[in-house]
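Enquirer: Pasting a structure here, questions to come.
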Amino acid sequence: MAPIPQQDPVARVAGVPVDTRHWIGGERVASAAAFPDHSPVDGALLAHVARGGEAEAHAAVTAARDAFPGWAATPPGERARVLHRIADGIEARTEELARVETADNGALLRSHRRGVMPRAAQNLRHFADRLLTLNHEDFETRGHSNHVSWDPSGPAVLITPWNAPLMLATWKLGPALAAGCTVVLKPAEWAPLTASLLAGIAHEAGLPAGVFNLVQGYGAEAGTPLVSDPRVRRISFTGSVPTARTIAGHAAAHLVPTSFELGGKSPLLVFADADLDLAAGLAVEQYDNAGQVCLAGTRLLVEESVRDVFLEKFLARARELTLGDPRDEATSMGPNIHPRHLERVDGFVRRALAAGARPLLGGEPHTALAERLGGTYYLPTLLTDVAQDSEIVQEEVFGPVLTLQTFADEEEAVRLANGTRFGLAATLATGDPERAERVAAQLVAGTVWTNCFFVRDLSAPFGGSRESGIGREGGDWSFDFYCDLKTTVTAPAGWS
Ligand code: NAD
């Protein structure tokens, strides 16, 4: 790709000025080259964004390393106050952040306004408050005191995907900064803009220079030098399995601990004793964000005896989905992120159809809408007659594509549910609490929802089993990751 020179450093996106330069050591930093950032809503060019590489990554890690001793020594109460001020800034600018995020990644504006941005602020408040109650334990053995302290580990690299950019950035930033780490954030190249706004908000909130740095660019160019830098002490990554493998290779060279939140192929199990209206509603929710949700229960597993009734209820609800411009209040499903991604989603569907799958809903791009709006839209899709070992059942599509399989009994339900290499989440619909407990205990999943979906307290651990991830984030599990625990053993007075 021929380098595009960076021109005006400030773009106006949805009426909001967004600085497209990096943020390093408390200053905006330009690059010689830029990359184009298009909107999935209508294909419009939103900005030319500074395209970082080795030099920017090196400068950002240097800034984070230099700022580390000061931030680590800042009293917890003061760190917490700064985090609350950043949360105040997010709340004050919710409307701007929501409009820019929707333009950039195509998720619904009303969800950004009412759900995502408030939750992003809450991420920071939660870890600020948690820091103040962090358990510094003491034990005693043969008169010797054993004091356990949570020491910040050093500069951390945070790498985020495009499907929930600000939400996931704050989910990492909150605990990292609260713990006393300094950070370099590398947002996804398909939706980098709210990260730049966040850098400005953090600066206005009084975060010292170098504590939060932002490097933008492509994964191979800007991400690789960050995750290969020996001065980095933690890498927290949310994204795909193949990228995690690459990052793990770099991290291994310096034995840097990694936290990986990766993909999934989660099941949604519907038992005959379930409230089938509730189950159908839960199933249609899996099209949220046009299916670009890591946790989505994309494999509908339904007890044979209720398959037809469930399907009828599901299709009735799915046909009520309003596809369209995500800025419209009435829209319930917007675009997919990028033409290349849409092609990938469609490739999975075409190969499944060629292998014998039958579409019960959708099965192709929404060309009429794409022609009218100019963006990248796919029809909500449901495929049946799919084999358990087929690609469409085993691989993450990350689009609005669900599969429908049936099971005869609980044993088969669990076997099908656990029958992929992932283990991020699972959803159960059943009217029998004992069955819920029994089945949940057998599922391989970081989160199991019973008769609900997507609800979670920020204190509870979140993460994936098997290839869905390494480690857990949330509550003290996040502090555990960003800290080096130290035990100081002291002899009793007069001991010799
Ligand atoms: P991706 O792996 O392609 O990219 C994620 C990030 O990694 C981007 O910022 C990218 O630039 C960067 N990157 C790419 N190559 C890199 C390298 N060599 N070194 C360092 N960084 C590099 O993923 P994506 O397409 O942006 O996101 C979709 C994936 O994210 C899906 O698999 C989805 O399930 C997953 N996801 C998981 C969670 C979770 O919490 N488990 C949440 C959201 C998304």
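The values are calculated or read from the model by the stated rules, or taken from the named source; none is laboratory data. The structure displayed is predicted, hence computed values, not measured ones. Every residue, glycine among them, receives a Cβ derived from its backbone with ideal geometry; neighbour counts consider all protein chains shown. The area values use the complete protein model at the heavy-atom level, side chains included, leaving out ligands, DNA and RNA. Shrake-Rupley method; radii C 1.70, N 1.55, O 1.52, S 1.80 Å.
Enquirer: Would you check if Leu383 is surrounded by 23 or more Cβ atoms within 10 Å (Cβ to Cβ) and among the aliphatic types (A, V, I, L, M)?
Expert: Answer is yes for this residue.
Enquirer: Only residues that are within 21 Å of Lys265 (Cβ to Cβ) and either aromatic (Phe, Trp, Tyr) or not assigned by TED's automatic domain parsing to the domain that holds Ala417 (or both): list them for the range 352-391, please.
Expert: Passing the criteria: only Tyr378.
For every residue, the table says whether it meets (1) within 14 Å of the chain's Cα centre (by Cα); (2) among the hydrophobic types (A, V, I, L, M, F, W, C); (3) within 16 Å of the ligand (Cβ to nearest atom).
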residue	(1), (2), (3)
Glu78	no, no, no
Ile90	no, yes, no
Gln122	no, no, no
Trp150	no, yes, no
Val157	no, yes, yes
Ala179	no, yes, no
Glu189	no, no, yes
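Enquirer: Could you check Leu134 against (1) in a loop (DSSP other than H, G, I, E, B); (2) more than 14 Å from the ligand (Cβ to nearest atom); (3) within 30 Å of Ala11 (Cβ to Cβ) and say which number it fails?
Expert: Among (1) in a loop (DSSP other than H, G, I, E, B); (2) more than 14 Å from the ligand (Cβ to nearest atom); (3) within 30 Å of Ala11 (Cβ to Cβ), Leu134 violates only (3).
Enquirer: A further question follows. Of the conditions (1) at positive phi; (2) in contact with a strand residue (DSSP E or B) (Cβ under 9 Å, 6 or more places away or on another chain); (3) at pLDDT 95 or above, Val489 satisfies every one except a single condition; which number is it?
Expert: (1)
Enquirer: Counting only residues that are in contact with an Asp or Glu (Cβ under 6 Å, 6 or more places away or on another chain) and not β-branched (Val, Ile, Thr), which one in the range 240-265 is nearest to the ligand (Cβ to nearest atom)?
Expert: Among those that are in contact with an Asp or Glu (Cβ under 6 Å, 6 or more places away or on another chain) and not β-branched (Val, Ile, Thr), it is Gly263.
Enquirer: Turning to a different aspect of this structure: Would you mind stating whether Trp449 is over 24 Å from Arg415 (Cα atoms) and not basic (Lys, Arg)?
Expert: Numbers: over 24 Å from Arg415 (Cα atoms): no; not basic (Lys, Arg): yes.
For Trp449, the condition - over 24 Å from Arg415 (Cα atoms) and not basic (Lys, Arg) - is not met.
Enquirer: Quick one: which residue in Ala209, Ala191, Ala164, Ala220 is farther than 18 Å from Trp71 by Cα, touching a residue at least 12 places away in the same chain (Cβ under 8 Å) and open to solvent by 10 Å² or more (accessible area, probe 1.4 Å)?
Expert: Only one candidate qualifies: Ala164.
Enquirer: A further question on this structure: Looking only at the range 213-228, which residues are under 19 Å from Val256 (Cβ atoms), touching a helix residue (DSSP H, G or I) at 6+ places or on another chain (Cβ under 8 Å) and within 11 Å of the ligand (Cβ to nearest atom)?
Expert: Step one: filter the range 213-228 for residues under 19 Å from Val256 (Cβ atoms), giving 213, 215, 219-220, 222-228.
Within this subset, residues satisfying the condition of being touching a helix residue (DSSP H, G or I) at 6+ places or on another chain (Cβ under 8 Å) are 213, 215, 219, 222-228.
Across the range 213-228, the qualifying residues are Val215, Gly219, Ala222, Gly223, Thr224, Pro225, Leu226, Val227, Ser228.
Enquirer: Take the conditions more than 27 Å from Gly362 (Cβ to Cβ) and part of a helix (DSSP H, G or I) and apply them to Val393. Does it pass?
Expert: no
Enquirer: Of the conditions (1) near the ligand (Cβ under 9 Å from one of its atoms); (2) without any contact (Cβ under 8 Å) to a residue 40 or more places away in the chain, Phe237 clears all except one; give me its number.
Expert: Unmet for Phe237, out of (1) near the ligand (Cβ under 9 Å from one of its atoms); (2) without any contact (Cβ under 8 Å) to a residue 40 or more places away in the chain: (2).
Enquirer: Where in the range 407-496 are there helices (runs of 4 or more DSSP H), lying fully within it, with 3 or more residues that are open to solvent by less than 10 Å² (accessible area, probe 1.4 Å) and assigned by TED's automatic domain parsing to the domain that holds Ala72?
Expert: Result: 475-482.
Enquirer: Quick one: which residue in Val397, Val349 is crowded, with 19+ Cβ neighbours inside 10 Å, in contact (Cβ under 8 Å) with a residue 60 or more places away in the chain, of a type outside the set (Phe, Trp, Tyr) and assigned by TED's automatic domain parsing to the domain that holds Phe271? First the steps, then the outcome.
Expert: Details: Val349 fails: in contact (Cβ under 8 Å) with a residue 60 or more places away in the chain.
Of Val397, Val349, the one residue that is crowded, with 19+ Cβ neighbours inside 10 Å, in contact (Cβ under 8 Å) with a residue 60 or more places away in the chain, of a type outside the set (Phe, Trp, Tyr) and assigned by TED's automatic domain parsing to the domain that holds Phe271 is Val397.
Enquirer: Would you call Val183 farther than 30 Å from Arg114 by Cβ and either open to solvent by less than 40 Å² (accessible area, probe 1.4 Å) or not acidic (Asp, Glu) (or both)?
Expert: no
Enquirer: Having 1 or more residues that are hydroxyl-bearing (Ser, Thr, Tyr) and either assigned by TED's automatic domain parsing to the domain that holds Phe479 or open to solvent by 60 Å² or more (accessible area, probe 1.4 Å) (or both) is the bar; report the helices (runs of 4 or more DSSP H) wholly within the range 226-327 that clear it.
Expert: The qualifying helices (runs of 4 or more DSSP H) are 241-253.
Enquirer: Given the residues Arg142, Arg113, Arg125, Arg81, which is the only one that is touching an Asp or Glu at 6+ places or on another chain (Cβ under 9 Å), of a type in the set (D, E, K, R) and free of Cβ contacts under 8 Å to residues at least 60 places away in the same chain?
Expert: Details: Arg142 fails: touching an Asp or Glu at 6+ places or on another chain (Cβ under 9 Å); Arg125 fails: touching an Asp or Glu at 6+ places or on another chain (Cβ under 9 Å); Arg81 fails: touching an Asp or Glu at 6+ places or on another chain (Cβ under 9 Å).
Going through Arg142, Arg113, Arg125, Arg81 in turn, just one is touching an Asp or Glu at 6+ places or on another chain (Cβ under 9 Å), of a type in the set (D, E, K, R) and free of Cβ contacts under 8 Å to residues at least 60 places away in the same chain: Arg113.
Enquirer: Related question: Among Glu312, Glu329, Glu304, Glu320, which is among the acidic types (Asp, Glu), away from the ligand (no atom under 16 Å from the Cβ), touching a helix residue (DSSP H, G or I) at 6+ places or on another chain (Cβ under 7 Å) and at pLDDT 95 or above?
Expert: Of the residues listed, the single one that is among the acidic types (Asp, Glu), away from the ligand (no atom under 16 Å from the Cβ), touching a helix residue (DSSP H, G or I) at 6+ places or on another chain (Cβ under 7 Å) and at pLDDT 95 or above is Glu329.
Enquirer: Give the residue, chosen from Gly206, Gly200, Gly210, that is outside any loop (DSSP other than H, G, I, E, B), over 17 Å from the mean Cα position of the chain (by Cα), over 16 Å from Leu168 (Cα atoms) and more than 10 Å from the ligand (Cβ to nearest atom).
Expert: Among Gly206, Gly200, Gly210, only Gly200 is outside any loop (DSSP other than H, G, I, E, B), over 17 Å from the mean Cα position of the chain (by Cα), over 16 Å from Leu168 (Cα atoms) and more than 10 Å from the ligand (Cβ to nearest atom).
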